[in-house]
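Take a look at the structure below.
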Amino acid sequence: MLCASRLEAAAQRLKPEIHVTAAAAPGGPTEAAGLGGGWLAGITMVLRSPYLAGIALWVALLSLAGTFLYFQQANIVAAASDDPAVRTRIFATIDLAIGILTLIVQFIVTGRLITRFGAGPAAALLPLVFGLAFLALWLTPMLWVVIAFQAAQRAANFAISNPARECLFTVLDRAEKYKAKNVIDIVVFRGGDAASGWLFAALRGAGLELGAISLATVPVTAAWLALALALGRAHERRTRDSASGTATPTSQTA
């Protein structure tokens, strides 16, 4: 509530500047203007824009890696104990570690890290953690390994990579922020969860062991890391273009 109140006050102070900018732009939308378009507009934007498609792929790979690690965790915890109370303690320990790590990192590290290195390297931290996690699980599929890396990846996601991913949307225009972002955050993210679950089940059904699946996921995380860095460079380019008044339409930006 405090944050919402402060944001509202800041928006009120910025209104004159916003109106001047909108008036200076030919055909620029006013504050009250509707976005228009149909329900497929957001999907079309994602398909036509390499930049938006890159963000969508980043989110899809997050869903895949997170789902695979979740199933790895479920199998290792199930093998460790049949006692529901023990399993509850394990999951509670993971959640407690995540909460503490996330708060510490967000208060101390997140802002400085994104400011110094940019959104791309910050977003690349998560695939790096996942890559190390799957490599470690291939080498040592032990309970303490899955607990440590599950806590590390979720803390890195909540505290650093998720804020960095949100920064990638700041260079988009109004329609893209309210339409394409919805598609990415809901359709791609939740659809990716379901598709990744089916893929994991199919791999297990084909006879692949957990270690083999972990090892096969490592190159995927490497490609995911490269994608994050490329998105960061595109974000910086668009930020510079916007500051100089020569912004390139997202549909033409890789």
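Within the stretch 145-170, can you find the residues that are open to solvent by 30 Å² or more (accessible area, probe 1.4 Å) and at pLDDT 85 or above?
Applying the first criterion (open to solvent by 30 Å² or more (accessible area, probe 1.4 Å)) to the stretch 145-170 yields 147-149, 152, 154, 158, 162-163, 166-167, 170.
Listed by number, the residues that qualify are 148, 149, 152, 154, 158, 162, 163, 166, 167, 170.
Do we find a residue being under 26 Å from residue 45 (Cβ atoms), touching a residue at least 24 places away in the same chain (Cβ under 8 Å) and of a type in the set (Phe, Trp, Tyr) anywhere in the stretch 161-184? Yes, there is a match, as at least one residue in the stretch 161-184 is under 26 Å from residue 45 (Cβ atoms), touching a residue at least 24 places away in the same chain (Cβ under 8 Å) and of a type in the set (Phe, Trp, Tyr).
For the residues 102, 110, the requirement of being in contact with a Phe, Trp or Tyr (Cβ under 6 Å, 6 or more places away or on another chain), crowded, with 18+ Cβ neighbours inside 10 Å and over 24 Å from residue 220 (Cβ atoms) singles out 102.
The values are calculated or read from the model by the stated rules, or taken from the named source; none is laboratory data. Quantities reported herein were computed from a predicted structural model and do not represent experimental measurements. Here Cβ is always computed from backbone atoms with ideal geometry, including for glycine, and neighbour counts include all displayed protein chains. Accessible surface is based on the protein model in full, side chains and every heavy atom, while ligands, DNA and RNA are left aside. Shrake-Rupley method; radii C 1.70, N 1.55, O 1.52, S 1.80 Å.
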